[in-house]
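Accompanying notes for the structure given below.
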């Protein structure tokens, strides 16, 4: 029997190979269950539907043209699909913890951080590509409805490309936040309840008296996304680079906690 | 080869494994027995790197599981056949696991055929019977063509034909020189499959022995005697060194003397005997005796109150 000091040390294969193994596995898992398809369909319907409804409202409104036509439509479409996409992210862990399949996954890849990285990447990349597609689709639907109306803007209008990119980024951030929440909470019902709490509850600070509302509010997830596209950031709001940092920090902090827990807990 | 070395695992106040050591060797089926809650599944989880032991370690082929690259090529396992996403097809389930260890699509199709799941492989696993899920789980364990195989209660839910198939499969895997480690809470199941036994109770090793030796050492055999003069006969047999306990109406269970000796003694004293039956305890009985003893031993200890059954 080998003694404690003489265990053979296996040369670790490049992390790239281990990541490719895990990524291909996670990609197969994601696309082979119906819930993924349903969640993306729901995200698409709410995003495009939300934009269309907002556009129809703007069209019939007699108010003067919007001061910031880009930013003001941003939340209208991005607020709805993030829930579905966040659930897509958290299910990648909770569906496995709930069914017990996580043990098969960790037996196949004992380096659990690789699993976390792979699940985060697959959900994040799918959300990013899907989010960008949704951003364009929502924009085009809105403009089609507003054609000829004074609120109508072109794709090349200053700020529009940033808005579209930011929308995809926000959706990607929520998906990866969802993955981390799933790894931390491990239970679908719990994680599904925690996700909206994390996204929307912080927005309550916006109802605080001035300047508390802005001072704290600017660090919330949704406000960070909004500040990225708002051209007329009034005093007190974060500049775009800092907003981007806040947007990334939310899932990053959650993923760090998830990484720590996933390594230390029994599967 | 699997080496379990002074393994202890505590969950809060509950001691699941208590200084457990044994070695599982290749080339034979090793049965891992114990009552429910004895610590079999916990041991297997530690071997597979899923649970961290409180003390000690488990090695597979001289390595810690957690340090392996593409471990399914070295160790195949089935812990819980129900632990599958119900909405995913058997094929996609196996395919996703195969990809995680660089195992080809062809091998996925091979193991599906081998386990008889190929006809329903495109249907969601959630629609399968437990027996069918066991087959999917066994297919998954065989994916990497591993030299070491670990199965936790693999015959649960299998129909008689499936059980027969599994026994043959385990034996042939062992005959190919693989290490086959199979847990069960039923001795009768192991009786027909295992050549070697590791028995635990309350997280402690009770026996680590070849099957036939286990029977010889532990099987209790006695003679059932029925006589209208049972009281008289009992005194006589006691006087000749036998241990006699009552067994039903006019019945005596006698150990320490065999049937011919009892018959001769009774004839000498003209005691009428109505029945004389040599009895050999089954393997199941030997196992129950052994594990019962471990339960009795612990039952008096207040510290063990409230432990899982």
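Any read-out appearing in this document is the output of simple, stated calculations on the displayed coordinates, not a laboratory observation. It should be emphasised that the depicted structure is a prediction, and the values quoted were computed from it without experimental measurement. Counting neighbours? That spans all protein chains shown, and the Cβs are built from the backbone with ideal geometry, glycine included.
Points worth noting:
- When the P(r) is computed for the stretch B:1-149, the part past 28 Å accounts for 26% of the Cα-Cα pairs.
- Exposure proxy ranking, count of Cβ atoms within 10 Å, fewest first, for A:212, B:165, A:250: A:212, B:165, A:250
- Distance between the C-alpha centres of the stretch A:113-131 and the stretch B:46-98: 23 Å, rounded to the whole angstrom.
- Degrees between helix B:283-299 axis and first principal axis of chain B (Cα, 0 to 90, nearest 10): 90 degrees
- Part-to-part distance (alpha-carbon centres) for the stretch B:136-180 and the stretch B:182-252, which is given in Å: 30 Å
- Alpha carbon convex hull of the stretch B:221-280, projected area averaged over orientations, nm²: 3.3 nm²
- Packing-based exposure ordering (other Cβ within 10 Å, fewest first) of B:95, B:122: B:122, B:95
- Taking the longest Cα principal axis of chain A as reference, the axis of helix A:112-146 is set at about 20 degrees.
- Expressed in units of 2.2 N^0.38 Å, where N is the residue count, the Cα radius of gyration of the stretch B:75-203 is 1.03.
- Exposure proxy shown here: for A:198, A:169, the number of other Cβ atoms within 10 Å sets the order, fewest to most, as A:198, A:169.
- Considering only the protein assembly as shown, percent of DSSP beta bridges that pair antiparallel, nearest 5: 65 percent
- Shielding value for B:72-78 is 2, the average number of Cβ atoms from other chains within 10 Å of each residue's Cβ.
- Average beta-carbon neighbours from other chains, 10 Å sphere, peptide B:85-98: 5
- Translational diffusion of the stretch B:114-176, µm² s⁻¹ [Kirkwood Rh, Cα pairs; Stokes-Einstein; 25 °C; 0.890 mPa s]: 200 µm²/s
- Here r is the Cβ-Cβ distance between residue B:118 and residue A:156 and R0 is 60 Å; the resulting FRET efficiency, rounded to 0.05, is 0.60.
- Each 10 Å bin from zero holds the following percent of Cα-Cα pairs in the protein assembly as shown: 3, 14, 20, 18, 14, 11, 8, 5, 3, 2, 1, 0, 0.
- Long-range tail of P(r) for chain B (Cα pairs > 31 Å, %): 43 percent
- DSSP-defined antiparallel bridges as percent of all bridges, chain B, nearest 5: 65 percent
- Relative contact order computed over the stretch B:161-286 (Cα-Cα under 8 Å; 6+ residues apart), in percent: 25 percent
- Per-residue shielding of B:4-11, expressed as the average number of other chain Cβ atoms within 10 Å of the residue Cβ, stands at 1.
- Pairwise Cα distances in chain A exceed 27 Å for 44 percent of all pairs.
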